[in-house]
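The values are calculated or read from the model by the stated rules, or taken from the named source; none is laboratory data. Because the structure is predicted, anything quoted here is derived from the model rather than measured. Neighbour counts are summed over all protein chains in view; Cβ atoms, including those assigned to glycine, are modelled from backbone coordinates with ideal geometry. Just so you know, the surface numbers come from the protein's heavy atoms only, side chains and all, with ligands and any DNA or RNA stripped out. Shrake-Rupley method; radii C 1.70, N 1.55, O 1.52, S 1.80 Å.
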Amino acid sequence: MRIVFMGSPDFAVPSLDALVAAGHEVTCVYTQPPRPAGRGKGERKTAVHERAEALGIEVRCPKSLRNEEEQARFAALEAELAVVAAYGLILPKAVLDAPRDGCVNVHASLLPRWRGAAPIQRSILAGDAETGVTIMQMEEGLDTGPMLLKRETPVDGKTAGELTGELARIGAAALVAWLDDPAPGETQPEDGVTYAKKIDKAEARIEWSRSAEEIERQVRAFAPSPGAWFEANGDRVKLLAAAVGQDASGTPGEVLDECLNVACGSGYIRPLKVQRAGKGAMTAGELLRGFAIPKGTMLP
């Protein structure tokens, strides 16, 4: 099948690879433009951009698809199908209608739950036991189109980074499976619709008044980026991994012992891996050897 692929981050790369491996003609790849990144702020291409170049596929990086000239360039590709995976731009109707068979999306949730920008993080934050991937026919609404194929997987205490990698692989396999045997779509039910709004960096700050269970989910949802964090001795400390303790007699935010266990609104958090700005990841014990946070300290 003659396909245009549209994606940007690491999550999308396995789907691109799967299409090529399955023998489909990926005639062009659309991805987000290179952006400044790293300490030197040099322009960095997206993961999909780099992979497409390695595969010898034409790459286009328009800042918008809303102008008629860009839409005409897209239509001129005469694609049979467009496959979208975490592209990052809204597709206008002219683009959605251009391929013969429309556009399908590899979406990292079990629709209609978690439509929107950050389904993986929102699923972890909400404490969902299960998540997955939905292959979906795209329409003008936000992730509202018919569901073509679903694949489930347990969350099982995974971080967002771990779950993203797993769902990327599941999504790639599901995409090729549907292309091999395209079944008609199923209309999404109105019952159970939730929206996964974009992550705000302010959400990463730990509020010790919350329960230990909520904070542990916050840690996993924001690992590896942007990283859940708290303030100690005037420095920002990222909490990269943590365990939940059930019984605590301290005030929320109080350091309970010499192991950096911290009282929460209910229960307590036991830090397993932490990171100060400019330092590598380390255990709580390693942190405390050079950065004292005594028992009884009240963390803001």
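Descriptive notes on the structure:
- One residue stands out in region 98-141 among those that are free of Cβ contacts under 8 Å to residues at least 40 places away in the same chain and among the hydroxyl-bearing types (Ser, Thr, Tyr): the one that is surrounded by the fewest Cβ atoms within 10 Å (Cβ to Cβ), namely Thr131.
- Residue within region 244-267 that is open to solvent by 40 Å² or more (accessible area, probe 1.4 Å) and under 25 Å from the mean Cα position of the chain (by Cα) present: yes
- Take the conditions (1) under 16 Å from Gln246 (Cβ atoms); (2) under 27 Å from the mean Cα position of the chain (by Cα); Ala281 misses just one of them, which is (1).
- Selection from region 50-97 of residues that are open to solvent by 80 Å² or more (accessible area, probe 1.4 Å), over 21 Å from Met147 (Cβ atoms), part of a helix (DSSP H, G or I) and acidic (Asp, Glu): Glu50, Glu53, Glu68, Glu69
- Going through (1) assigned to a strand (DSSP E or B); (2) open to solvent by 70 Å² or more (accessible area, probe 1.4 Å); (3) in contact (Cβ under 8 Å) with a residue 60 or more places away in the chain one by one, Pro224 falls short only on (1).
- Criterion: assigned to a helix (DSSP H, G or I), in contact with a Ser or Thr (Cβ under 9 Å, 6 or more places away or on another chain) and either in the same structural domain as Ser109 (by the TED database) or open to solvent by 30 Å² or more (accessible area, probe 1.4 Å) (or both) - qualifying residue of Leu179, Leu149, Leu163: Leu163
- Glu58 vs. criteria over 24 Å from Asp143 (Cα atoms) and acidic (Asp, Glu): yes
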